[in-house]
1. Filter the range 117-129 down to the residues that are in contact with a helix residue (DSSP H, G or I) (Cβ under 7 Å, 6 or more places away or on another chain) and either surrounded by 17 or more Cβ atoms within 10 Å (Cβ to Cβ) or touching a residue at least 40 places away in the same chain (Cβ under 8 Å) (or both) and list them by number.
2. Taking Leu78 and the conditions (1) modelled with pLDDT of 95 or more; (2) in a helix (DSSP H, G or I), which numbered condition does it fall short on, given that it satisfies the others?
3. Does Leu45 meet the test of being in a helix (DSSP H, G or I), farther than 25 Å from Arg30 by Cβ and in contact (Cβ under 8 Å) with a residue 12 or more places away in the chain?
4. Please give the number of the condition Leu102 fails out of (1) in contact with a Cys (Cβ under 6 Å, 6 or more places away or on another chain); (2) more than 23 Å from Gln44 (Cβ to Cβ).
5. Tally the residues that are within 16 Å of Arg60 (Cβ to Cβ) and among the charged types (D, E, K, R), restricting the search to the range 117-137.
6. Against the conditions (1) within 15 Å of the chain's Cα centre (by Cα); (2) assigned to a helix (DSSP H, G or I); (3) surrounded by fewer than 17 Cβ atoms within 10 Å (Cβ to Cβ), where does Val57 fall short? Just the number, please.
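The values are calculated or read from the model by the stated rules, or taken from the named source; none is laboratory data. Here the structure is a predicted model, which is why all the values come from computation and not from measurement. Backbone-built Cβ (ideal geometry, glycine too); neighbour counts: all protein chains shown.
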Amino acid sequence: GMTRYFLSDGTPIRPPSDVVSFHEKRMADRFNESLARDYDNISQLAAMDKEGLDVAVLFRTSPLHTNENFEPEYANDLCKAWNDWMADFCKADPRRLKASALITMHDVGLAVEEAKRAVKNGAVGLSLCPEPINGRQIHDRCFDPLWQEAQ
């Protein structure tokens with residue numbers, strides 16, 4: 001068959017299949033070890049070594065705990081489960097792997113309790129999303145007890 005090329009100022013551009021196969025090979029070369037270990041804490045440390053990183057503060061990528069319709073206790077339980085998992089993940093090398101704890105904005109009392117518990121379990125920071133929950137933003141005065149605890 002015939003391979004089609006696009007031209008840019010008379011220069012052939014690689015067909016998309018070449019770009020995709022190059023990208024897949026590059027990703028495989030870089031991440032096969034992590035993928036084989038299902039991105040566990042050991043592969044995290046190996047990736048950090050490859051990149052020359054001494055310490056990483058780890059953050060959740062999806063703000064699962066921010067649904068405004070959640071009951072406060074349920075939202076807090078989601079945060080607790082994540083924070084427990086993250087504390088366990090960081091045990092592979094607590095000097096290098098640091099957790100940022102998830103905190104819910106549904107109930108400030110629960111947030112303060114979970115912040116204390118997470119820090120006791122090794123968290124070095126707090127992570128929450130700035131979307132309003134129950135009409136309150138993170139700068140609402142009702143969160144002052146959380147910010148006082150964080151200091």
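1. Result: Ala118, Gly122, Ala123, Leu126, Cys129.
2. Answer for Leu78: the failing condition is (1).
3. Here the answer is no, as Leu45 does not meet what is asked.
4. (2)
5. 1
6. (2)
For (1) more than 16 Å from Phe59 (Cβ to Cβ); (2) of a type outside the set (A, V, I, L, M, F, W, C); (3) surrounded by fewer than 21 Cβ atoms within 10 Å (Cβ to Cβ); (4) free of Cβ contacts under 8 Å to residues at least 12 places away in the same chain, each residue gets a yes or a no:
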position: Trp82; (1), (2), (3), (4): no, no, yes, no
position: Ile103; (1), (2), (3), (4): no, no, no, no
position: Ala115; (1), (2), (3), (4): no, no, no, no
position: His139; (1), (2), (3), (4): yes, yes, yes, yes
position: Cys142; (1), (2), (3), (4): yes, no, yes, no
position: Pro145; (1), (2), (3), (4): yes, yes, yes, no
